[in-house]
1. Does anyone have the angle between helix 73-96 and the longest principal axis of the chain? Alpha-carbon axes, 0 to 90°, nearest 10?
2. Select from 24, 60, 102 the residue farthest towards the positive end of the dipole of the chain; place +1 on Cβ of Lys and Arg, -1 on Cβ of Asp and Glu, and compute about the Cα centre.
3. Between the helical axis of 102-135 and the dominant principal axis of the chain, each derived from Cα atoms, what acute angle in degrees is found, rounded to the nearest 10?
4. Compute, for the chain, the length of the dipole vector about the Cα centre, with Cβ point charges of +1 (Lys, Arg) and -1 (Asp, Glu) only. Units Debye, rounded to 20.
5. Can you list residues whose amide H is under 5 Å from residue 51's amide H, if they're 5+ apart or on another chain and H is modeled 1.01 Å from N?
6. Suppose every K and R has +1 on its Cβ and every D and E has -1 on its Cβ; what is the size of the dipole of region 12-62 about the Cα centre, in Debye to the nearest 20?
7. Whole angstrom only: what separates the Cα centroid of region 92-149 from the Cα centroid of region 19-55?
8. In whole Hz, with x marking every Gly and Pro, tabulate ³J(HN,Hα) for region 32-47 from phi via Karplus 6.51 cos²θ - 1.76 cosθ + 1.60, θ = phi - 60°.
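Every number in this text was worked out from the coordinates using simple rules, so none of it is lab data. Only a predicted model underlies this, so the values are computations on that prediction, with no experimental measurement involved. Neighbour counts run over all protein chains shown; Cβ positions are idealised from the backbone, glycine included.
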Amino acid sequence: MPTTKPTNKRTTESALDMPSAGRALLLASRALRLRCPNCGKGPVLSGFNTVHNHCSACGFRFTRSDDNYFSGAMFFGMMIGETLAVMAIGAAIWITYPNIPWTFLQYAIPVVLLGVMIALFPVSRVVWLAIDVLLRPVEASELVPVSGG
C-alpha cells in the first residue's frame, strides 16, 4: 500500500566536518535561543513538543533524515537533565552540610529530576539539531525555497 506521507531525503550520509571552537560557540548560542542552527533567525519549535518542518528565514529542513531523526535528542536531554540535577543535589548537600536533610532529598530528587527532564525535552531537540549541524554542515539540498511575505 503506498504511503501518503512524504518521506525526507536521507542526508545522514553527508560528509563530517571538524568543527572549530568559534563555530561550536555560535551554534551553542543559537541552540540556547532555540533558533535555527543554520541562520540563527527562524525559530525551531512551533510548540512545546513540535518542531517546524523548516526554517522560516533560510528554508533549512530541520528533520535531516527519516521520521526518527530526533531520537538522538533523548540522549542529550537525559545528559543535560541529569547533569543539572546532580549539580543541584551536590549544591543542596554542600549548603546544608553537616545537617543534610536526607529524608527530604529522598523524595525531592525524583520530583526535581522528572521536572527537569520534562522542561528540557524541547531544548534537547534543538541541541541535537545544532550538534548535527556542527558535525555535518548544511548542504544546499537541505534548503527549501522560502516564500516571501
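1. It works out to around 20 degrees.
2. Going by the Cα projections, it comes out as 60.
3. Taking the Cα atoms of the chain, the angle to 102-135 is about 20 degrees.
4. Details: 12 positive and 8 negative charges, 75 e Å.
So the dipole magnitude of the chain works out to roughly 360 debye.
5. 46
6. Values: 6 positive and 2 negative charges, 50 e Å.
Once rounded to the nearest 20, the dipole reads 240 debye.
7. If you average the Cα positions of each part, the centres end up 14 Å apart.
8. For region 32-47, the Karplus curve yields 5, 8, 6, 10, 4, x, 7, 10, x, 9, x, x, 7, 8, 10, x Hz.
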